[in-house]
Amino acid sequence: MHYFEDDDINETAVVGYIPSKTEAIGILQKLNLSKNIINHVLAVSRKAIKIATQISTIPVNLKLVRIGTILHDIGRVKSHDYDHAVLGGQIIREELKFCEQLARIAETHILGGISKDEAKDFSLPPKDYLPETIEEKIVCLSDKYFIGVKKVTIEQRFKNWFTRYGENEFLLRSKKRVEEIEIFIYKLMFP
């Protein structure tokens, strides 16, 4: 296996602080994040760890995946719109002073990521919020397998969004991105 924990060094080595699982959950509780969201992030975390441990072709930082999934929806303490991802990144980076990789996981988990041009359309700070690292991609994909704690397919997850927001170009692009991430990860899991 090519996964690693806390202090192992490689190209995905972490610079900065990553809290423990207990500490991360405690932060969500202290912020009064709803029980439904906490249950959701824990379900996503279990799925993400299952995916990460099945990847043997490249290194994956399991602690970053585990804590990244637990904190990915922290921005929901301030918003339940698209901007919750960016707000989550800001909370992790500026208020909690955790590592940049955790902030990026929160920022890039939304849908299939948001490009710099799309960010402008949503009045978000103009930068790319597309998942790039393997850990960002695992969290993004794992999140799409759940509506709350209910396991769903990508098709079902996007059908839910299409029903709520219409089958628009942005959501269609996002669905394609998630499907591409899924193919990429499955090729790493089953080479």
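No value in this document is a laboratory result; all are computed from the given coordinates. Keep in mind it's a predicted model, so treat the numbers as computed, not measured. Note: ideal-geometry Cβ built from the backbone for every residue, glycine included; neighbour counts use all protein chains shown.
Structure summary
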{"quantity": "Amide proton proximity set for residue 60, modelled H, under 5 Å, gap of 5+", "calculated": "3, 4"}
{"quantity": "Neighbourhood net charge (12 Å Cβ-Cβ; Lys/Arg +1, Asp/Glu -1) for residue 48", "calculated": "+4"}
{"quantity": "Over the chain, relative contact order from alpha-carbon pairs under 8 Å, at least 6 apart, %", "calculated": "22 percent"}
{"quantity": "FRET efficiency estimate (nearest 0.05) - Cβ-Cβ, residue 39 to residue 78, R0 25 angstrom", "calculated": "0.80"}
{"quantity": "Relative contact order (%) - criterion: Cα under 8 Å, at least six apart; region: segment 86-191", "calculated": "22 percent"}
{"quantity": "Distant-in-sequence amide H partners of residue 114 (H built 1.01 Å from N, under 5 Å)", "calculated": "129, 130"}
{"quantity": "107, 132 arranged by Cβ crowding within 10 Å, fewest neighbours leading", "calculated": "132, 107"}
{"quantity": "Radius 11 Å from Cβ of residue 77, net charge of other residues (Lys, Arg +1; Asp, Glu -1)", "calculated": "+1"}
{"quantity": "Amide hydrogen neighbours beyond the local backbone of residue 146, cut-off 5 Å, H modeled", "calculated": "152"}
{"quantity": "Table column - 3J(HN,Hα) (Hz), segment 117-129, Karplus curve with 6.51, -1.76, 1.60, x for Gly and Pro", "calculated": "5, 5, 4, 4, 4, 9, 6, 9, x, x, 7, 6, 10"}
{"quantity": "Whether segment 99-167 is rounded, prolate or oblate, judged on the alpha carbon gyration tensor where a/c under 1.5 counts as rounded", "calculated": "oblate"}
{"quantity": "Which of 117, 73 has the fewest Cβ neighbours within 10 Å, and the rest in rising order", "calculated": "117, 73"}
{"quantity": "Net lengthening on full extension, residue 173/residue 155 (0.36 nm per residue, minus Cα-Cα)", "calculated": "5.1 nm"}
